Each structure stands twice: as C-alpha cells, then as structure tokens.
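The values are calculated or read from the model by the stated rules, or taken from the named source; none is laboratory data. This one's a predicted model, so the numbers in the text were calculated from it and none came from an experiment. Reconstructed Cβ throughout: ideal geometry from the backbone, glycine too, with neighbour counts over all protein chains shown.
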Amino acid sequence: MNPKKKIILTGDRPTGKLHIGHYVGSLQRRVLLQEDPSFDKIFIMIADAQALTDNADNPDKLRENVLEVTLDYLAAGLDPTKVNIFIQSQVPELTELAFYFMNLTTVSRVQRNPTVKTEIQMRNFEANIPLGFFCYPVSQASDIALFHGTIVPVGEDQKPMIELTNEIIRRFNSVYGEVLDECEILLPDNIVCMRLPGTDGKAKMSKSLGNCIYLSDPKEVVEKKIKSMYTDPEHLKVSDPGHLEGNAVFTYLDAFCKDEHFERYWPEYKNLQELKDHYTRGGLGDMKCKKFLNQIMQEWLEPIRQRRHYWEQHIPEVYQILRQGTETARLVGQQTIAQVRAAMRINYLDDEELQKSQIDKYTTTK
Ligand code: TRP
C-alpha cells in the first residue's frame, strides 16, 4: 500500500452510445486529467459485467456497445498512451475480490443505498431483485480497490457507492491488515455539467426517454434535435418575455457557450448574460437562440466526429487498444489479489512457511 500514489479509476456501463451529458459530466474532465502529470495512473473501465446485472437477458446489447463506448472515448480525445482502457469482465480478479468483499458488508447496508433503491424502482425489480444486481455496489468497491484507485471521478449519484467502497476497504484493512487504499470521489466542478437535462427539458438525458444528443450523431441530426428542443412554453410570441428556468436551450448554453462564441457567431451580444437579459425582457425568438446553440454545438462536436470517423476506419487498432489495456489491468489485478490472499491467509499453495510449519508439526523424529 502506497497512500501517496494518485490513481484514477472510473468507468461506464456499455449500455448505449455516449451522449453530450456524458461528455460534459465526465469525458471532458478525463481528457483534462490525462494531461495532469500528478496522477500516477488512469484506469478507465468498460463495466460490462456490471451492465449484465440488469441486462442478463440481453448480452448482445453489451457486445455491441463495448466497441461503441470505446469509439466514443477515443473520439472524445482520450489517449490510450495516457489512459488505460479495459473491459471489466476480462479481469476475473475483480470477481474474486468482490466475492471476498461480500463478507465485509451486509444486506441491510446495501438496501439503504439510495442509488440502488431508485434503480430498483426504475427497473421494476421490487418483487424480484436479481441477486447480482443487488450486489453490484460491492462489485464496484472491488473495481476501485483492485487497482488501488484513490480518486474516482463520477457523478453525484455514485456517492453512496464510494462511501460503501471506503467502508469495505476500512473493514478489510482492519480485519486482514493494511493492504487496500481508501478513495475519494471527484465530482464534476460545474453544477450545470453535473446533470445536463435532455432535449425535452426532462431531468436527465437517457436513452429510454429519447432525449439525447449523441457524440456520434451526424451534423443534421444534431441540428434537428436542437430545433425541436424544449424552451419556454409561455414564450409564444417573440415579443413575450421568456423564462430561463427549465429552458433547455439556455441550460445547454450555460454548459457550452463561451464569450468567444458571441464574437464568432453573434456579435450583437457580448456574453451570455446579455443574451439572457434580452430573452427575459422579451423581443428575442427561440429560433435565433437555437440557431446559435446549434453553431456552438457543431463547433464542439466536429472534432469529436472527425476523430470517431478515423477510429471507425481502424477497428482492429481499437481492439488492440482494448487488448493491451486489459492485459495491463490484469497484471495489476493479479498483484493486488496476491496481496489480498496473503493478507486473508488463503495463500496456502504459495506459503512455504505454512507448509514448513505443518511439516514440522507432523514429522515424527526418531
Ligand atoms: N456505476 C457506474 C455507472 O453506472 C459505472 C462503474 C462501474 C464505475 N464500476 C465503477 C464507476 C467503478 C466508477 C468506479 O456509471
């Protein structure tokens, strides 16, 4: 255990292509973090085993999306020479550690986890919770601990997972000896970015609501989605005063617009505040704001689209990246598991001292 090391571990379930909510909420941050030399190692995990816990009957969905998510990572600018991208299910040491971790927490502890509670409701699992799904917070603790992750950049909804992880790690260390490192959550630094609403103004972008703008959407699709975005239902005539609250166009502008965009596309205004003032005063139409937002979004998305196109033409290399990343993850995992087994006193076959003492115990001397 080396508490001074700064190791990032984070991941995504491969249940669909990534959207701009993922981008502002986490991907953009990771791209910055990979340039920061103060981190010793960055692991990014495609959490297919966790995704199976509520998609057990649909493995083909995950099979497709492991590649899609990897393409989105590379498109967003993650650099495989700086971050280690790997596939969870291909690192069996994760499953082993999760199994030992299950002894260090309780059913009632997981039952109290608010994120799990909401997810159970959303999936209509109340009457019949799959056991694997119920245990996923424990498996997530193992994801972090196996790599000695000390910094976990995730959304607010993952807070209870990080708390449970640290509880389990403390319990492990106090029962078996100091082997594992506690971790810290790293939340998005911008409130708008923490929960970007869908294009319909609803709480969160989600595939099932059909309100996402995907990183891989072509230009025309993005434009169409922006044109039909939810704004202010009371803003009927251009001259009417508009409201900003719950107005998705302005929430997106908060997340994506910089002063320089006004210089480039709408020099009548200096900054977003001026635009907002005009909108709330009345006399500014939604379509103009949407056109501006579209220009900004296209500017953000174009380099992502181009990088994606490049990698789409180099799929064997993408698989090579995954293969290498997974190999590295396994090596680290095997080292940690060796330490864990020794600490837990279950390293019988590798423990010469144990064998010797037992030989001494039973050898009869004449
Ligand atoms: N639960 C995370 C999500 O749904 C994905 C995940 C799995 C994860 N294991 C992790 C995130 C470990 C951080 C650390 O987005």
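A few points about this structure:
- Residue within region 21-42 that is within 14 Å of the ligand (Cβ to nearest atom), over 21 Å from Gln298 (Cα atoms), assigned to a loop (DSSP other than H, G, I, E, B) and modelled with pLDDT of 95 or more present: no
- Unmet criterion (only one of (1) outside the structural domain of Met297 (by TED's automatic domain parsing); (2) exposed (fewer than 14 other Cβ atoms within 10 Å of the Cβ); (3) touching a Leu at 6+ places or on another chain (Cβ under 8 Å); (4) part of a loop (DSSP other than H, G, I, E, B)) for Val175: (4)
- Qualifying residue in region 277-287 (condition: closer than 27 Å to Ser26 by Cβ and surrounded by fewer than 16 Cβ atoms within 10 Å (Cβ to Cβ)): no
- Residue check: Leu67 meets all listed conditions (1) buried (at least 18 other Cβ atoms within 10 Å of the Cβ); (2) within 16 Å of the chain's Cα centre (by Cα) but one, namely (1).
- Residue count for region 215-257, restricted to those that are among the hydrophobic types (A, V, I, L, M, F, W, C) and part of a loop (DSSP other than H, G, I, E, B): 6
- Any chance Ala51 is under 19 Å from Glu68 (Cα atoms) and touching a Gly at 6+ places or on another chain (Cβ under 7 Å): no
- For region 148-164, the set of residues classified as surrounded by 19 or more Cβ atoms within 10 Å (Cβ to Cβ) and more than 16 Å from the chain's Cα centre (by Cα) consists of His148, Leu164, listed by residue number.
- Of all residues in region 124-178, those that are among the basic types (Lys, Arg) and within 13 Å of the ligand (Cβ to nearest atom) total 1.
- Search result, residues across region 43-63 that are farther than 27 Å from Gln121 by Cβ and either of a type in the set (D, E, K, R) or more than 11 Å from the ligand (Cβ to nearest atom) (or both): Arg63
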